[in-house]
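Novice: Dropping a structure here in structure tokens format, bear with me for questions.
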Amino acid sequence: MTPLESLLEPYHCQSVSDYQNAFKEIIQEIALLGLWRAKFFENAAFYGGTALRILYGLNRFSEDLDFSLLKPQPGFSMDLYNTAVKNELSAYGLATDVTTKEKLNSNIVTAFIKSGTKLLFLSVDLPEIWINRLHHQNQIKVKMEIDIDPPQDFETESKLLLSPIPFSIRSYKPSFLFSGKVHALLCRAWQDRIKGRDWYDFAWYVARGIPLNLRHLKARLVQTGHWPVDLSLTKKAAQDLISARIAVVNFENAKKDVLPFMKNKQDLDAWSPQFFQALLREMILEE
């Protein structure tokens, strides 16, 4: 059995979709290993939904790898790290392209890991009938986003990963991850697509008694112009902001967004404004 087949074995894939999601998660984990080898985590920390899944056991799929530099670095480049990620994936038999997408006047540097789905399936000798069903242009894609001008007042910790090999990375501590999530659910522009993933993660944090750090939430809100720099963000003020947001969410639409990322669909049965207002009353806040 090849190293790649060993990584796939625990997924017990039964369909093309299962294999596509498994490959995405494996690519994410190998990419983290490549970044560690290139000493990326001396300058940056892991955060976001994929950090919750890989490091803290969040039970939903997450597409992107999100990172924050430890301090602002204008002109930061991913070129060195892209090469390290590509080389690491290649060592596991995964042929990929890893490129940065240029964005002008943005605090976010974005890079994409891309590979042809057929090529990946052929690398582990999957049934020919599955491979023939795939369009030749079908790709598996993982996005990496790096905040190069991060809001401050956060703390990090070292976390051990055991796959593909044992190694350590730097991550935001959970209460500061929660601050980033609440900032997203308060400030994300919806248009017609509510991010149900934000609300699923909110419920996950509250259910586990993870506190919301108000200092870091304020730093994020101030940076995006959603809170005055000279006004304290009290516990009541934060609760009022979240309560007002809950009141205008269409939770049926929110469910539709998160369902493709869920393993257990029944986790969403209780969703309603009343359910999230009750969660809000149980939320722990720290200053």
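Novice: Please build a GNM for the chain, connecting alpha carbons under 10 Å apart, and tell me which residue among Glu145, Glu63, Glu42 fluctuates the most.
Specialist: Maximum fluctuation in the GNM of the chain, among the listed residues, is at Glu42.
Novice: What is the gain in length, in nm to one decimal, between Gln277 and Ser17 on full extension, counting 0.36 nm per residue of separation less the C-alpha to C-alpha distance?
Specialist: Using 0.36 nm per residue and subtracting the Cα-Cα distance, I get 90.1 nm.
Novice: When the chain is modelled as a GNM with alpha-carbon springs shorter than 10 Å, which of His216, His135, His226 fluctuates the most?
Specialist: Sorting by GNM fluctuation, first place goes to His135.
Novice: Another question about this same structure. So between Asn107 and Ala247, what do we pick up on full extension, going 0.36 nm a residue minus the alpha carbon distance? Mind showing how you got there, number by number?
Specialist: Details: separation 140, 0.36 × 140 = 50.40 nm, distance 3.07 nm.
That pair, Asn107 and Ala247, stretches by 47.3 nm at full extension.
Novice: Quick check for me: using +1 on Lys/Arg Cβ and -1 on Asp/Glu Cβ, what's the dipole size of segment 38-83 about its Cα centre, in debye to the nearest 20?
Specialist: Numbers: 4 positive and 5 negative charges, 32 e Å.
Around 160 debye, computed over segment 38-83.
Novice: Residue farthest toward the positive end of the dipole of the chain, with Cβ of Lys/Arg at +1 and Asp/Glu at -1: which of Ala38, Asn213, Ser68?
Specialist: Asn213
Novice: Now, a different point. Could you sort out which of Lys101/Lys159; Lys39/Lys265; Lys143/Lys265; Lys103/Lys173; Lys101/Lys263; Lys39/Lys143 sit more than 27 Å apart by Cα distance in this structure?
Specialist: On the way: Lys101/Lys159 29 Å; Lys39/Lys265 38 Å; Lys143/Lys265 25 Å; Lys103/Lys173 29 Å; Lys101/Lys263 31 Å; Lys39/Lys143 20 Å.
Those over the limit are Lys101/Lys159; Lys39/Lys265; Lys103/Lys173; Lys101/Lys263.
Novice: Shifting gears a bit: Leu259 versus Glu63, label points 7 Å from Cα toward the beta carbon: distance in nm?
Specialist: With each label point 7 Å from Cα toward Cβ, the separation is 1.7 nm.
Novice: Among Gly48, Ala203, Leu231, pick out the residue whose Cα is farthest towards the positive end of the charge dipole of the chain, where Lys and Arg carry +1 and Asp and Glu carry -1 on C-beta, about the Cα centre.
Specialist: Of Gly48, Ala203, Leu231, it is Leu231.
Novice: Tell me the mean residue ellipticity at 222 nm calculated for the chain from its helices only (DSSP H runs of n ≥ 4, each -39500 (n - 2.57), averaged over every residue, nearest 500).
Specialist: Details: 12 runs with 129 residues, N = 287.
Mean residue ellipticity at 222 nm (helix-derived): -13500 deg cm²/dmol.
Read-outs: derived from the displayed coordinates by stated rules, not from any lab. Source: prediction; values computed, not measured. Here Cβ is always computed from backbone atoms with ideal geometry, including for glycine, and neighbour counts include all displayed protein chains.
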